[in-house]
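To keep things clear, I will list the structure first and then write my remarks on it.
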Amino acid sequence: MDAEQSTLARPYARATFDFAEAHDAVDHWREALGALASVVQEPRVAALVAAPKLTAADKAERLSGLLDDMLDDPQRNFVRLLADNGRLALLPSINSAFLQLRATQLGEVTVELHSARALDEASTEPLRARLGERFKGEVQFSIAEDPALLGGALLRVGDQVIDGSLRGRLATLATTLRAS
């Protein structure tokens with residue numbers, strides 16, 4: 001999810017989450033948003049969403065029709081709202097932001113951990129404890145190996161990036177030397 005999409009998706013996700021929470025339907029909305037996000041990523045549906053000749057109402061009706069048995073009236077209204085605002089393509093980003101809000105509600109923190117080499121449980125446990133204290137929640141890692149980092153690790157927690165990689169340190173050093 002790029003920064004612009006994340007910024008545009010966040011208010012929709014927040015409003016949706018607040019509505020779902022007020023109606024005791026967070027899990028129902030989670031399922032519907034997940035399905036909608038998956039569907040709009042299908043090439044034929046993505047083409048439909050991007051089709052300039054279709055009206056917003058047509059796009060909303062066709063998309064809702066694909067998941068008709070799964071969507072209730074408020075969810076169909078949400079699809080219409082997104083279509084009217086030209087934001088149907090944001091559904092995957094809205095879903096991601098919604099899931100982050102749900103995780104926060106449950107006291108979970110998802111951390112993307114990119115390391116230069118494979119990590120085992122013993123090496124991530126101290127980091128999990130420190131991050132849990134810092135972000136006040138139970139840390140769930142999404143771990144990826146990235147040899148381009150050269151050493152160390154890069155962490156993403158929501159919108160925050162913690163760069164403890166050797167590549168990042170070298171880039172900082174190079175910037176400092178150029179400025180001198």
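Values in this text are rule-based calculations from the coordinates and carry no lab data. The structure presented is a predicted model; accordingly, all values stated were derived computationally and were not measured. Counting neighbours? That spans all protein chains shown, and the Cβs are built from the backbone with ideal geometry, glycine included.
For the range 86-157 and the range 14-56, what is the centre-to-centre distance using only Cα atoms, to the nearest Å? Computed from Cα coordinates, the inter-centre distance equals 24 Å.
What is the extension gain from Asp84 to Asp24, computed as 0.36 nm multiplied by their sequence separation minus the C-alpha to C-alpha distance, in nm to one decimal?
On the way: separation 60, 0.36 × 60 = 21.60 nm, distance 2.65 nm.
Contour length minus the Cα-Cα distance gives 18.9 nm.
Computed 3J(HN,Hα) for the range 53-69, one whole-Hz value per residue from the Karplus formula 6.51 cos²θ - 1.76 cosθ + 1.60 where θ = phi - 60°, is 7, 7, 6, 4, 4, 5, 4, 5, 5, 5, 5, 4, x, 5, 10, 3, 6, glycine and proline marked x.
Using 1/(1 + (r/R0)^6) with R0 = 45 angstrom and r between the beta carbons of Ser180 and Leu119, what's the FRET efficiency to the nearest 0.05?
Numbers: r = 35 Å, r/R0 = 0.79.
Plugging the Cβ-Cβ distance into 1/(1 + (r/R0)^6) gives 0.80.
By the count of neighbouring beta-carbon atoms within 10 Å, fewest first, Thr176, Thr110, Thr7, Thr16 end up ordered Thr176, Thr7, Thr110, Thr16. Close amide H contacts of Val109 (hydrogens built in the peptide plane, cut-off under 5 Å, sequence separation of 5 or more or a different chain): Glu138, Val139, Gln140. Its DSSP H runs of at least 4 residues, each contributing -39,500 (n - 2.57), put the calculated 222 nm mean residue ellipticity of the chain at -19500 deg cm²/dmol, to the nearest 500. Estimate the FRET efficiency between Ala171 and Ala46 by the formula 1/(1 + (r/R0)^6), using the beta-carbon distance for r and 35 Å for R0, to the nearest 0.05. Step by step, r from the Cβ atoms, then E = 0.50.
For the peptides 137-148, 154-165, the ranking by mean Cβ contacts within 10 Å, running from highest to lowest, is 154-165, 137-148. Beta bridges per DSSP, both residues in the range 62-180: antiparallel share near 55 percent.
Both the radius of gyration and Dmax for the range 108-179 are 13.2, 41 Å, in that order, over alpha-carbon atoms.
Sparse packing (at most 16 other Cβ atoms within 10 Å of the Cβ) combined with a DSSP loop state is found for the following trypsin sites (Lys or Arg not before Pro) in the range 1-56: Lys53.
Stokes-Einstein diffusion of the chain at 4 °C, 1.567 mPa s viscosity, Kirkwood radius from Cα pairs, rounded to a whole number: 70 µm²/s.
With the simple model of a label 7 Å out from the Cα in the direction of the Cβ, Gln160 to Leu54 spans 4.1 nm.
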